[in-house]
Structures are given as structure tokens and as C-alpha cells.
Amino acid sequence: MKIVFVTRWHSDKMGYMNNCLAEEFARQGHEMHIITSKYQSYFNIPNYDEIYGKFLGPPILPTGTSTYKGIQVHRVKSIRIKNRIILTGVIGKLREIKPDIIQTFDGHEPSTILVSLIKPFFKYKLFTGMHTILITYRVLLNWKKLSVKQKLFWSLFFYWPSRILIRNYVTCYAVTRDASMIAHKMFGVPYSKIKTQTLGVDMNLYNNEITEETLRKREELGYPKNEIVCIFTGKMNEEKQPHLLSEAVEILNKKGYAFKALFIGAGKEDLIQKLAQYPNSKVLNFVPSSELHHYYKMADIAVWPNSITTSMLDAAACAKPVVVANNVYAYDTVNGHQEGKNKILGAFFQSGNADDLALQLESFKNEEKRKEVGNKAFQYVQENLSWKSIALKRIEDYKNSI
């Protein structure tokens, strides 16, 4: 099949869904294209050069076509209006490619609206997605506080236009149960067109194999074997409450336990500086996905104090216990809905409570327990959440639509 991903921006070396799924489709022998703008991921953040520049290159690339891991990446002309990017060159490129399938990743992005509007003039089948989760979706969280005028604006410019456009696509893939709810309530997508399908893991990178390079990475960071390293990765902002991990680690050290907090990623500079001031916390800059697996493997526990992220799947695939807050709405979806089956999440703590987080981390002070929980998580991810297995399921959906 000829499969085209249409997305507002793209960077070859990132570990996002549009990268991983495209690479898996290409490995399975499908003709894979990505149509995008000239902009790299996060091109417009103030410290792009410092965080991403040396890994990804300049924030803005020339238009044209390049090939990466068997994928043809087409950077077309576009118009940028604040944070909205409209791909003006997408129609001509679609005429050239003549795809069987188009997949987008956000039902209300301008690029999705465009390929939905022009669909009657092409033969492709259109699929889209919803990757927004409840914790970060302020519109729904603050809905009761909005004025009548604000609610009317949302209905006129988002809900009802979406209700019209959904007639032109086959399925909306929601990454979590709460993402499914947002697609339905806020954009009018009927549940009959929503399929909850979690993000996946590249098992070629993220697995339970400990290499010499992994051991060397831990040694370089100065963590002896007796210290228990708790890792957090991703964007650092107030909503994700990374400081709770630092506070919990300090509580444990006062009790005589050698716990450490390791933060990897980008974020607000004042927050990063605050985290670095904790005696038992260390903060590292952004690490490309091709190297991140070493950090999960050298760590002992993975912790996300107030978010759900594909990174917790990567950590689980590296056989690490994962600890998250009990307000994570989608945890049952990620865990598979089934009692008695191996689950990827090791423990939950009371949201916003550093003392309770410390208690949950303390329950993993024994290495044997960490191994037992981590190995069960690895097994579950391997059997259910590899990009290969997800790609095969989605290809079946694509084929059934043609």
C-alpha cells in the first residue's frame, strides 16, 4: 500500500508515533511517505538550538524530498499563523503520490481539515487521531468556568466543523480512554468511529538487555550499584510536577535510603534550576530517542508524578517498575483492562503527595522486587505494545477500508 502521513512538523530522529509507525510500515514493505512543513519539532521554542539543535540540526529546513529509514519525507510550502501551520503544497504532492491511505494525528489541525475537505477529489481513505489527554486539556478541565460566549465560540469553530469533517474519515485513533472521551465530547466524533489504541515501543531499542555501554553510562553519571536511581524523562513544567520526585527522594534519604532522582529533558529554565538544587537530584538535557534506552536500563525505577506518557511504556519495556499518580485517568487502558494479566505499572501514589510517593518508592527498595515487577512489565509490553504488533493491527484496518 501507499501510505501517507500528513503532519504539521516532523524531525527524522525523534521517537514520536509518526516516526516509529512510519518506520515499521516501511520495514513491512509498504511505500511510506510523510508530508510535512519545513519546520522541525519544537522549532519555535526559545532555546531550540541549545536543546535540540545539535541532534536535529537547524529549526527550519529547506522544502524538498529526502529519504530516511525507507521513508520519503516531503517538506512542502506552508503558511504559519502563530502556532497554526497550513500546508499549502499538500494537494500537489498528493496528486503526485496517489496514496491509498492518509493518516493524520490530530483531527482539528489545519492539515487534517484540508485533506478531509479535498477527499472527494481523491481515492484515498482517511484516518486521523487524538493524542490529547485529560490532564493537559484545559478546555474540558475548565469547561464549567467558561462563559456562554466562550462555549459558543468553541461550538461554532471546533465542535460543529468537526462534526461535518468526520464524515470523510474512517477511524479516529485515540491513544487513551480519556483521549477517546475528548474526541467524542469536544469534537463530536461518534464512538463508532473511535478506536482506542495506545502508543507503542520499539523493542529493538527498549528491552531488558544490559550492555557494557549501559553500565558505562551509569558509571559516568556517578551512581554506584547500591544507589536506587529514579528516572523522569520528557518536558518539565509545573503541570507534570517533577519536583514531587525530588521531594520524595529527599524524604527517603533522610530515612537512610540511597535514592536518587534523575531528570532528562527540556523545560522551563527556572524549574530546571530548582530541581538541580535538590542535593540528590541531577538534571540532564534532552537526549535523542536512539540513546534514551541506555538511561532507562541503567536506572532502577521510572517515575512520572502527574502525567501519562509513552515514555512509561519505554521504561517498562526496559524492565523497570513504573510509578505514577493515582489521578492518571488512562492507566486501565494502558494496563490492558484484564485482571490477572501482567501489567506495566508498578505502583500508584496519591496525587500531589510527596510523602505518599516516597512510601511507594520505598516499597521498591528491594532489588528482587524491582526485578520481579520489571520483568512482568517487560513481558506485557513485548506481547502487546511493540510497534510491530500495533502496525500489523493498523494495516489490517487500512486494508479493510479499501
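Select, from Thr132, Thr128, the only residue that is touching a Cys at 6+ places or on another chain (Cβ under 7 Å) and free of Cβ contacts under 8 Å to residues at least 60 places away in the same chain.
Details: Thr132 fails: touching a Cys at 6+ places or on another chain (Cβ under 7 Å).
On inspection, the qualifying residue turns out to be Thr128.
So in the stretch 278-304, with the set limited to residues that are of a type in the set (S, T, N, Q) and at pLDDT 95 or above, which one is nearest to His243 (Cα to Cα)?
Start the filter on the stretch 278-304 by keeping residues that are of a type in the set (S, T, N, Q), which leaves 280-281, 285, 289-290.
Adding the requirement that they be at pLDDT 95 or above leaves 280-281.
On the way: Asn280: 12, Ser281: 10 Å.
The extreme case among them is Ser281.
What number of residues within the stretch 174-233 satisfy the criterion of being among the small types (Gly, Ala, Ser), outside the structural domain of Gly374 (by TED's automatic domain parsing) and without any contact (Cβ under 8 Å) to a residue 60 or more places away in the chain?
Matching residues across the stretch 174-233 total 4.
Please find, among Gly70, Gly64, Gly29, Gly89, the residue that is surrounded by 14 or more Cβ atoms within 10 Å (Cβ to Cβ) and at positive phi. Before the answer, list the steps.
Working: Gly64 fails: surrounded by 14 or more Cβ atoms within 10 Å (Cβ to Cβ); Gly29 fails: surrounded by 14 or more Cβ atoms within 10 Å (Cβ to Cβ); Gly89 fails: at positive phi.
Matching residue, one of Gly70, Gly64, Gly29, Gly89: Gly70.
Can you tell me how many residues within the stretch 258-296 are in a loop (DSSP other than H, G, I, E, B) and closer than 20 Å to Val322 by Cβ? Steps first, please.
Kept after step one, since they are in a loop (DSSP other than H, G, I, E, B), are these residues of the stretch 258-296: 258, 265-266, 268, 277-280, 285-288.
Filter once more, keeping what is closer than 20 Å to Val322 by Cβ: 265, 287.
Residues meeting the conditions: 2.
Evaluate the following for Ala248: is it without any contact (Cβ under 8 Å) to a residue 40 or more places away in the chain, farther than 11 Å from Ala299 by Cα and among the hydrophobic types (A, V, I, L, M, F, W, C)?
no
Just to be sure I understand the filter: pairs with C-beta atoms under 7 Å, separated by 6 or more residues or on different chains, first member in the stretch 89-111 and farther than 12 Å from Thr36 by Cα, second member assigned to a helix (DSSP H, G or I) and small (Gly, Ala, Ser). Which pairs pass?
From residues that are farther than 12 Å from Thr36 by Cα, the pairs are Gly107/Ser162; Gly107/Ala183; His108/Ser162.
Just the residues that are in a helix (DSSP H, G or I), out of contact with any helix residue (DSSP H, G or I) (no Cβ under 8 Å at 6 or more places or on another chain) and surrounded by fewer than 15 Cβ atoms within 10 Å (Cβ to Cβ), please, taken from the stretch 235-257.
Within the stretch 235-257, the first condition is being in a helix (DSSP H, G or I), and the residues that meet it are 238-240, 243-254.
Imposing the further condition that a residue be out of contact with any helix residue (DSSP H, G or I) (no Cβ under 8 Å at 6 or more places or on another chain) reduces the set to 240, 250, 253-254.
Matches in the stretch 235-257: Lys254 only.
Lys144 - would you say it is over 25 Å from Gln103 (Cβ atoms) and part of a helix (DSSP H, G or I)?
Working: over 25 Å from Gln103 (Cβ atoms): yes; part of a helix (DSSP H, G or I): yes.
The answer is yes for Lys144.
The values are calculated or read from the model by the stated rules, or taken from the named source; none is laboratory data. In this text the structure is predicted, and so the values were computed from the model without any measurement. For neighbour counting, all protein chains shown are included, and Cβ atoms are generated from backbone atoms with ideal geometry for every residue, glycine included.
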